[in-house]
Amino acid sequence: MRVSVNMAMSLDGKIATKARGPVKLGSAYDSRRMSEIRALHDAVINGSSTFRAYPYPLHVQGKDLLRERRSRGQSAQPISAVVSSGLLMPRKTPWEQEINTERWVFCGKMASEARQRSLEKSGVRVLRSRAARPQPKEILKAFEAAGAKRVLLEGGGEFNSSFLERGLVDRIHLTVTPLLIGGKDSPTWCEGAGFMTGKFPRFRLAEFHQEGDELYLTYEHL
Ligand SMILES: NC(=O)c1ccc[n+]([C@@H]2O[C@H](COP(=O)([O-])OP(=O)(O)OC[C@H]3O[C@@H](n4cnc5c(N)ncnc54)[C@H](OP(=O)(O)O)[C@@H]3O)[C@@H](O)[C@H]2O)c1
């Protein structure tokens, strides 16, 4: 199983304001690049806070990319997944109503069964953890059992860090956008508890290119 992260950040390393609402940082080129990256994956996942900001299916746009997926024998769209311990997520969203895409939610052991049944009625697959919060390894195991080989994490920072802290991320795609967001409470793309001095995970710069004022970086885990 290959696990990648794809995120856009401001020059000061932020991905949103402290309000944690939707913020568009990248250009049209960045949106196309996001689709190109998604197209290579079998599943794309968001944490619950990102889902609240952007409750849409994590789709690939572009007939050429969809054609290429078909020719590789992949499903029309990647599985569009959310991780929400309590299933306390907005309902009747564009994501929930996108019945032609496989939609999964990972929830914790305490999540309401009534909410689970109600989501299942909308065609959503609900996977219940034995822990209070779904754990990265069990999330990957569930995808593996469904035949997925490549999984893409699309934030936010708290969700990404749970995989990074366990050394489960192979590849990081980052777009550096020419903006400042600022604010000590504005999230970065890797939050969590932080790494200890001397134990900082290291990555190798595998690819980079410039497009206008944006930089596109791909790092691979050493
Ligand atoms: N610039 C970009 O590329 C980009 C991309 C994505 C998101 N964003 C922005 O990022 C912000 C949200 O980021 P965020 O860091 O606040 O939240 P987040 O990572 O999206 O969501 C975190 C939440 O996910 C749930 N969760 C369930 N299992 C988890 C696990 N194993 N590890 C971690 N979280 C788990 C928890 O909530 P429960 O208790 O509900 O389970 C947790 O509080 C939004 O403003 C969004 O717009 C930006």
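Mind listing whichever residues of the stretch 58-79 are aliphatic (A, V, I, L, M), out of contact with any Asp or Glu (no Cβ under 8 Å at 6 or more places or on another chain) and either surrounded by fewer than 14 Cβ atoms within 10 Å (Cβ to Cβ) or not in a helix (DSSP H, G or I) (or both)? Hits for the stretch 58-79 are Val60, Ala76.
Does Leu168 qualify as being surrounded by fewer than 18 Cβ atoms within 10 Å (Cβ to Cβ), over 14 Å from Val44 (Cβ atoms), among the aliphatic types (A, V, I, L, M) and in contact (Cβ under 8 Å) with a residue 12 or more places away in the chain?
Values: surrounded by fewer than 18 Cβ atoms within 10 Å (Cβ to Cβ): yes; over 14 Å from Val44 (Cβ atoms): yes; among the aliphatic types (A, V, I, L, M): yes; in contact (Cβ under 8 Å) with a residue 12 or more places away in the chain: yes.
Criteria met by Leu168.
Criterion applied to Ser162, Ser85 was being hydroxyl-bearing (Ser, Thr, Tyr), within 13 Å of the chain's Cα centre (by Cα) and surrounded by 13 or more Cβ atoms within 10 Å (Cβ to Cβ), and the one residue passing it is Ser162.
None of Ala8, Ala16 is within 8 Å of the ligand (Cβ to nearest atom), over 12 Å from the mean Cα position of the chain (by Cα), at pLDDT 95 or above and within 23 Å of Gly192 (Cα to Cα) except Ala16.
Looking only at the stretch 119-140, which residues are away from the ligand (no atom under 12 Å from the Cβ) and either in contact with a strand residue (DSSP E or B) (Cβ under 8 Å, 6 or more places away or on another chain) or in contact (Cβ under 8 Å) with a residue 24 or more places away in the chain (or both)? Steps first, answer last, please.
Taking the stretch 119-140 first, the residues away from the ligand (no atom under 12 Å from the Cβ) are 119-126, 128, 130.
Leu119, Glu120, Ser122, Gly123, Val124, Arg125, Val126, Arg128, listed by residue number.
When residues in the stretch 169-180 are screened for being more than 12 Å from Ala8 (Cα to Cα), assigned to a loop (DSSP other than H, G, I, E, B) and either under 19 Å from the mean Cα position of the chain (by Cα) or within 12 Å of the ligand (Cβ to nearest atom) (or both), 2 of them pass.
Checking the condition surrounded by fewer than 17 Cβ atoms within 10 Å (Cβ to Cβ) and either touching a residue at least 24 places away in the same chain (Cβ under 8 Å) or within 24 Å of Asp213 (Cα to Cα) (or both), which residue from Asp12, Asp42, Asp30 passes?
Numbers: Asp42 fails: surrounded by fewer than 17 Cβ atoms within 10 Å (Cβ to Cβ); Asp30 fails: surrounded by fewer than 17 Cβ atoms within 10 Å (Cβ to Cβ).
Checking each option against the conditions leaves just Asp12.
Checked against (1) out of contact with any strand residue (DSSP E or B) (no Cβ under 7 Å at 6 or more places or on another chain); (2) part of a helix (DSSP H, G or I); (3) near the ligand (Cβ under 8 Å from one of its atoms), Leu88 passes all but a single condition, namely (2). Whether any residue in the stretch 188-201 is buried (at least 18 other Cβ atoms within 10 Å of the Cβ) and touching a residue at least 40 places away in the same chain (Cβ under 8 Å) is what I want to check. Yes - at least one qualifying residue is present in the stretch 188-201.
The values are calculated or read from the model by the stated rules, or taken from the named source; none is laboratory data. From a predicted model like this one, the values you see are computed outputs, not experimental measurements. Counting neighbours? That spans all protein chains shown, and the Cβs are built from the backbone with ideal geometry, glycine included.
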